[in-house]
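The values are calculated or read from the model by the stated rules, or taken from the named source; none is laboratory data. A quick note: this is a predicted structure, and the numbers were derived from the prediction, not measured. Don't worry about glycine lacking a Cβ; one is built from the backbone with ideal geometry, like all the others, and counts go over all protein chains shown. Protein only, heavy atoms only, side chains kept; ligands, DNA and RNA dropped before computing areas. Shrake-Rupley method; radii C 1.70, N 1.55, O 1.52, S 1.80 Å.
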Amino acid sequence: MAIPLPGPAGRLLQAVLAALCLAAGLSTALAAAPATDPLRYGRLPIRVYNDRDGLPQNSIETITFDREGYLWAGTQDGAVRWDGKAFEVLPMPRPTRSSWVVAHLVAADGSHWFGTRGDGLQHYKDGTWTSFGPPEGFPDAQCIAIAEGVDEAGRPVVWAGTQEHGLVMIRDDRILPQPPPPGRPFSRVHALHPATAEDGTARLWVGTDRGALALARGRWTVLDRSDYGLPTDNVFAFLETGEGPSRALWIGTERGVARRSATGTWERWDERNGLVNPYAFRLARTRNVRGETVVWAGTEGGLARFEGGQWTVFDTRNALPSNVVRSLAVKHTGQVQSLWVGTFAGLARLTLGKWL
C-alpha cells in the first residue's frame, strides 16, 4: 500500500518521480528513432568558415575539389583553396574588370577554369593565366557555368554557359559560340552537366531559361513544361542517380525539384509537398548508413535533404550560417562523407552520419 507523503516534501518527491517517468518514456521514443534523424540530437555536426578564418569574402558561389583533394571555393572576391589548415587566395588576373567567381572547373589536365561575372572565362595552368573575356572575343562578360567534354567529333573541349549569349565551346583556345536548337532559342545557361547517354555516347545537359536541353553528337533534345514534368523552364541544376532501370535525372528549378525516371515518368516537389523554398539552385547526392542514396538541394530557404521519400530542411536554426545556399560538394575520406555547403554567410562542412 502506498504511504501518502503530505506537505511540500511529498509534493517535491512526486514531481521528481513524474519527471523520471517522463524521461524514461522519452528515452524509449528516441531509441526507436532512426540513427540519422536530426531531431534526435538537435543540430548538425557543422563547422563554419568565414572571413575570420581567411576567406576573402563570405558569399560562396561555387565549390569544387582538385585532383589532390583540396577544396576550392569561388567568392565575390576571387577564388580560394583550402588545404585542411588554411585558406590561400588566388586573385583573378584582371581584378579591375572582375574578381567575382561564380563557376569553377578542375580540368583533366589539372588546370583550372573560372567563370566570372564581369570578365568572362579565365584559365589558370602552371601558374599562368589565359583570358577568354570580352577583349578576347568571348561573347559575354558573364560566364556562369563551365564543364569539360567532347564535341561531336570526339575532340576534347570546354563548355561555357553565359548570362545572355547561350552556350560557348572552347576548343584549342578558340572561342566558338554554339547555335541553339532550331526553333528553341535560349540566352541564359545556368547549369552544365556532362553525362553518358543510354547508348554510351557523351551527352551534355544544359540548364537554360527555356528548359533542360541535352546535346549529344551535335543533336539537341529538349525537356520543358510541355514534357509535363518541369515545373518551370528556368533550370538551375542537374543530378543523376541510379543505374539501368532505376536511373533517374533530378532537375533543380526556380519552382522546385523534378525527377524523371528511366521510363519517362515525373515526380515534382515544391513548398506544397516538402520544400520550404522551391528555388533549388544546386543538387548533390550522398549515401546513408544503409547504402541508400540521399539527395540534397541548396535553396534560398536552407539546405533540403531527400531521404526515405521525404524532405527535411536545415537552416540557421540548425547552425547553418545562412538560409541562402548557392553551392554543394561532397568529399569522401575513407568511410567518412562530408557535405560542403556554400552560403551567403560563409562555407559550412557537415560530417554526415553524425549528429550533435
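Considered as a group, the residues in the stretch 325-344 that are open to solvent by 10 Å² or more (accessible area, probe 1.4 Å) and more than 19 Å from Arg287 (Cα to Cα) include one that is nearest to the chain's Cα centre (by Cα), and that residue is Arg326.
Among residues belonging to the stretch 194-213 that are among the polar types (S, T, N, Q) and open to solvent by less than 50 Å² (accessible area, probe 1.4 Å), point out the one that is farthest from Ser261 (Cα to Cα). Give the derivation first.
Initially, the stretch 194-213 is screened for residues among the polar types (S, T, N, Q), giving 196, 201, 208.
Add one more test, that the residue is open to solvent by less than 50 Å² (accessible area, probe 1.4 Å), and what stays is 201, 208.
On the way: Thr201: 19, Thr208: 21 Å.
Among them, the one singled out is Thr208.
Per the listing Asp119, Asp109, the residue uniquely touching a Lys or Arg at 6+ places or on another chain (Cβ under 9 Å), open to solvent by 20 Å² or more (accessible area, probe 1.4 Å) and within 24 Å of Leu176 (Cα to Cα) is Asp109.
For the stretch 266-294, give me each residue that is among the aliphatic types (A, V, I, L, M) and in a loop (DSSP other than H, G, I, E, B). I'd like the intermediate steps shown before the answer.
From the stretch 266-294, those among the aliphatic types (A, V, I, L, M) are 275-276, 280, 283-284, 289, 294; that's our starting set.
Answer for the stretch 266-294, where residues must be among the aliphatic types (A, V, I, L, M) and in a loop (DSSP other than H, G, I, E, B): Leu275, Val276, Val289.
Annotation: Ala237 fulfils all but one of (1) assigned to a strand (DSSP E or B); (2) touching a Lys or Arg at 6+ places or on another chain (Cβ under 7 Å); (3) open to solvent by 10 Å² or more (accessible area, probe 1.4 Å); the unmet one is (3). Residues in the stretch 196-214 that are touching a Lys or Arg at 6+ places or on another chain (Cβ under 7 Å) and under 18 Å from Thr162 (Cα atoms): Thr208, Asp209, Arg210, Ala214.
Does Pro135 satisfy the condition of being at pLDDT below 95, open to solvent by 70 Å² or more (accessible area, probe 1.4 Å) and more than 21 Å from Trp266 (Cβ to Cβ)? Against the criterion (at pLDDT below 95, open to solvent by 70 Å² or more (accessible area, probe 1.4 Å) and more than 21 Å from Trp266 (Cβ to Cβ)), Pro135 does not qualify. When the residues of the stretch 309-338 are filtered to those that are of a type outside the set (Ser, Thr, Tyr) and in contact with a Pro (Cβ under 8 Å, 6 or more places away or on another chain), the one that is modelled with the highest pLDDT is Phe314. Are there any pairs with C-beta distances below 8 angstrom linking a residue in the stretch 254-272 that is open to solvent by 80 Å² or more (accessible area, probe 1.4 Å) to a residue that is acidic (Asp, Glu), with the two at least 6 apart or on different chains, and if so which? From the stretch 254-272, the pairs are Arg255/Asp270.
The requirement of being surrounded by fewer than 20 Cβ atoms within 10 Å (Cβ to Cβ), without any contact (Cβ under 8 Å) to a residue 40 or more places away in the chain and not in a loop (DSSP other than H, G, I, E, B) is fulfilled nowhere in the stretch 295-303; no residue meets it.
Being among the small types (Gly, Ala, Ser) and under 22 Å from Ala103 (Cα atoms) holds for only one residue in Ala248, Ala280, and it is Ala280. Pairing each residue of the stretch 147-176 that is under 17 Å from Ala214 (Cβ atoms) with any residue that is of a type in the set (A, V, I, L, M) and part of a loop (DSSP other than H, G, I, E, B), provided the two are 6+ apart or on different chains, yields C-beta distances under 9 Å for Glu148/Ala107; Glu148/Ala108.
Screening Ser226 on (1) open to solvent by 30 Å² or more (accessible area, probe 1.4 Å); (2) part of a loop (DSSP other than H, G, I, E, B) shows it passes everything except condition (2).
How many of the residues making up the stretch 79-93 are part of a strand (DSSP E or B) and surrounded by fewer than 19 Cβ atoms within 10 Å (Cβ to Cβ)? Spell out how you get there, then give the answer.
Our first condition is that a residue be part of a strand (DSSP E or B); within the stretch 79-93, this holds for 79-82, 87-90.
Next, from what is left, pick out any that are surrounded by fewer than 19 Cβ atoms within 10 Å (Cβ to Cβ): 81, 87-90.
The qualifying residues number 5.
Only a single item in (1) within 17 Å of the chain's Cα centre (by Cα); (2) surrounded by fewer than 16 Cβ atoms within 10 Å (Cβ to Cβ); (3) charged (D, E, K, R) is not met by Glu61, and it is number (2).
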